[in-house]
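J.: The structure that follows is given in the form of structure tokens.
The values are calculated or read from the model by the stated rules, or taken from the named source; none is laboratory data. Since the structure is predicted, the reported quantities are computational estimates derived from the model, not experimental observations. Neighbour counts are summed over all protein chains in view; Cβ atoms, including those assigned to glycine, are modelled from backbone coordinates with ideal geometry.
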Amino acid sequence: MSVAPPDNDVLWARALVKSHHGTPALRSVSLGVREAEVLAVAGPRGCGKSTLLDCLSGMQPVDEGEIWFNSSPVHTLTRAGRERLRRERFGWVGPEPQLVPELNARENVALPMLLAGQPRKVAATAASEWLERLDVADCAKRRPAELLQDQRQRIAVARALAPSPAVVFADEPTAPLHRESQDQVLRILLAASRSHKITLILATHDASVARYANRVAVMADGRLAQPVDARDAVALSELEEDARTCSTSV
């Protein structure tokens, strides 16, 4: 039986099931995320975090369950409908930048806005502003092959934020960065979430990264625990212990 999503949840999922070649990746996962909330999905590599973000963002269809965005169903959309939703309302940052090699940095950041039909001048201005915020404005006219990994990842973050999406999905977004750069990029993501009312769903295996979130949900073996306040030091200690337990049991 279908259940209506809560009015105050921008993203809501119920009983998600997903398998890869017969191997369960999500086992009846349910989750609600509020507008402008920063939610960390934490746990070791291989526990299902990336699959969860892929399904919530519409990159992959679920085998079973429901996903709702602003009270509209995502799980019933066609592939073209999911692509349109991602293009118009969602941003994405992965552990690898995945920039278009033929485009320079500013063109890479502007690309999602151009694909969504925004005027070229508007897209170029927003791209330049976000490159400045991410401290890579001097890379604007350079192509990815000319840049350091740190610079490319910052450009990928700028690309996700520039269109002012409703939700940004960030899958290990600081994995390629040094600790100092990690902190700076995470602060920018959080500032953007607050100033532009962007919901941020952050997948991480690092408890120190999870502390930047409002709430943390621990994932283990395809199952998701109830989110808890990230300021709860006891909860984060349990998170680290759960991650160690999961990684030794798989």
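J.: Within region 26-42, does at least one residue satisfy the condition of being surrounded by fewer than 16 Cβ atoms within 10 Å (Cβ to Cβ) and assigned to a loop (DSSP other than H, G, I, E, B)?
T.: Yes, that holds for at least one residue.
J.: Taking region 61-85, which residues are on the phi < 0 side of the Ramachandran plot, part of a loop (DSSP other than H, G, I, E, B) and either over 19 Å from the mean Cα position of the chain (by Cα) or buried (at least 17 other Cβ atoms within 10 Å of the Cβ) (or both)?
T.: Val62, Asp63, Val74, His75, Thr76, Leu77, Thr78
J.: Looking at (1) touching a Ser or Thr at 6+ places or on another chain (Cβ under 8 Å); (2) within 30 Å of Ser72 (Cα to Cα), which is the one condition that is false for Thr174?
T.: Against the list (1) touching a Ser or Thr at 6+ places or on another chain (Cβ under 8 Å); (2) within 30 Å of Ser72 (Cα to Cα), Thr174 comes up short only on (2).
J.: Given (1) charged (D, E, K, R); (2) under 22 Å from Val38 (Cβ atoms); (3) outside any helix (DSSP H, G or I); (4) at pLDDT 95 or above, identify the lone condition not met by Arg142.
T.: Answer for Arg142: the failing condition is (2).
J.: Output the residues belonging to region 37-50 that are in contact with a Gly (Cβ under 8 Å, 6 or more places away or on another chain) and either at positive phi or of a type in the set (S, T, N, Q) (or both).
T.: Within region 37-50, just Gly48 meets the criteria.
J.: Can you find even one residue in region 157-165 that is at pLDDT 95 or above, under 24 Å from Lys197 (Cβ atoms), over 16 Å from the mean Cα position of the chain (by Cα) and surrounded by 21 or more Cβ atoms within 10 Å (Cβ to Cβ)?
T.: no
J.: Lys197 is checked against (1) modelled with pLDDT under 90; (2) within 21 Å of Gly32 (Cβ to Cβ); (3) loosely packed, with under 15 Cβ neighbours inside 10 Å and fails just one. What number does that condition carry?
T.: Of the numbered conditions (1) modelled with pLDDT under 90; (2) within 21 Å of Gly32 (Cβ to Cβ); (3) loosely packed, with under 15 Cβ neighbours inside 10 Å, the odd one out for Lys197 is (1).
J.: Considering every residue within region 227-244, establish whether at least one is modelled with pLDDT of 85 or more, part of a loop (DSSP other than H, G, I, E, B) and surrounded by fewer than 17 Cβ atoms within 10 Å (Cβ to Cβ).
T.: The answer is no; no qualifying residue exists.
J.: Which one of these does Gly48 not meet: (1) surrounded by 14 or more Cβ atoms within 10 Å (Cβ to Cβ); (2) without any contact (Cβ under 8 Å) to a residue 40 or more places away in the chain; (3) over 23 Å from Leu190 (Cα atoms)?
T.: Unmet for Gly48, out of (1) surrounded by 14 or more Cβ atoms within 10 Å (Cβ to Cβ); (2) without any contact (Cβ under 8 Å) to a residue 40 or more places away in the chain; (3) over 23 Å from Leu190 (Cα atoms): (2).
J.: Would you tally the residues in region 112-127 being at negative phi and surrounded by fewer than 19 Cβ atoms within 10 Å (Cβ to Cβ)?
T.: Here the count works out to 10.
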